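Each remark here refers to the structure printed beneath this line.
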Amino acid sequence: MDILNKNIFILTGAGISKESGINTFREKDGLWDNYKIEEVCTVEGFKKNPDYVNKFYNERKKILECPKIIPNHGHKSLASFENKCSGEFLLVTQNIDNLHEKAGSKKILHMHGTLDFAFCMFCKIRLKFDFNLSSKYKCPNCGNVGNVRVDVVWFGEQPKFLDKIYKYLEMTDIFISIGTSNNVYPAAGFIDFIMQTDRKVKMYEFNIEKTNKSYLFDEVFIGPASKTIPKFVESLS
Ligand code: NAD
């Protein structure tokens, strides 16, 4: 099948950025070994201890600014895949890092938000996150103090762009899942949605190991994303 003229939907997760030096959350040695999810990924946690949460995201941002944190061959080959495609193409990432953009991806949606932005919970203005988050920070728009937080989707909050994402899912011919366990909803629901459509959608999974959804895919590529994705993309031309 010539994939390059089909409609392509790609979903990426923390696994694609692992080889760039950004830890996943749930895996052994992942970030959750040091932090509790409910403390840094909920509004309740933020209200209880805002500067603990702010510190967590300031640290994540600093890591991204580190010169050695750069896109790997997995990110780069997805950007060249996008350039080669003549059909509809959308990359949806659950990642909050900016490595896809740095690699050159253009049509990309961050469904869990991004470390590039913060917002004021009071006046809702979106701000470029190029300062240190702090409970003493004054919103430059409304002057409210202590209400600016990272623009990342926390537990109990609605992921972004779902309407647009489902529009693309409805017309996609190819669904590619990369570096994600597919365990976390609503992203996990994308697979359920495809399984229920009458259209024939070819599904590919790329992961370092089998996931509990692997059996639903037409082809499963086991290995590090920095190796398996370039090989796959090169095979398409
Ligand atoms: P997840 O549940 O999707 O798990 C990561 C997956 O990546 C696992 O299935 C693992 O087997 C796979 N993986 C690990 N190394 C890999 C490699 N080299 N190549 C291919 N696959 C590999 O994600 P999570 O870590 O539980 O994170 C949950 C959420 O937290 C994310 O959806 C995201 O919103 C956020 N998060 C973002 C980042 C980031 O921006 N880089 C990092 C960690 C967590």
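Once you charge only the Cβ atoms, +1 for Lys and Arg and -1 for Asp and Glu, what is the size of the charge dipole of the range 10-142 about its Cα centre, to the nearest 20 debye?
Here the size comes out at about 340 debye.
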- Message: Quick check: from the Cα gyration tensor, does the range 144-198 come out rounded (a/c under 1.5), prolate or oblate?
- Response: prolate
- Note on the structure: Expressed in nanometres to one decimal, the distance between label points 7 Å along Cα→Cβ at residue 130 and residue 236 is 3.3 nm
- Rounded to whole Å, sorted largest first: equivalent-ellipsoid semi-axes of the range 27-117, Cα gyration tensor: 30, 15, 12
- Could you work out, for the chain, what percent of all Cα-Cα pairs fall into each 5 Å distance bin, beginning at 0 Å and stopping at the bin that holds the largest distance? 1, 6, 13, 18, 19, 16, 11, 8, 5, 2, 1, 0
- Query: In the neighborhood of residue 145, defined by Cβ-to-Cβ distances under 14 Å, what is the net charge if each Lys or Arg adds +1 and each Asp or Glu adds -1?
  - Reply: +2
- Pairs over 20 Å Cα to Cα, from 107/164; 84/106; 6/227, come to 6/227
- Message: Less than 14 Å Cβ to Cβ from residue 231, Lys/Arg counted +1 and Asp/Glu -1: what total charge do the surrounding residues give?
- Response: 0
- Item | Cα convex hull of the range 184-237, projected area averaged across orientations, nm² | 4.5 nm²
- What is the pair-distance distribution P(r) of the range 91-155, computed from all Cα-Cα distances in 5 Å bins starting at 0, with each bin given as a whole percent? 4, 18, 25, 20, 14, 11, 6, 1
- With only helices counted (DSSP H, runs n ≥ 4, each -39500 (n - 2.57)), the per-residue ellipticity at 222 nm for the chain, to the nearest 500, works out to -9500 deg cm²/dmol
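Read-outs: derived from the displayed coordinates by stated rules, not from any lab. Since the structure is predicted, the reported quantities are computational estimates derived from the model, not experimental observations. Methodologically, a virtual Cβ is constructed for each residue, glycine included, from the backbone with ideal geometry; neighbour enumeration extends over all protein chains shown.
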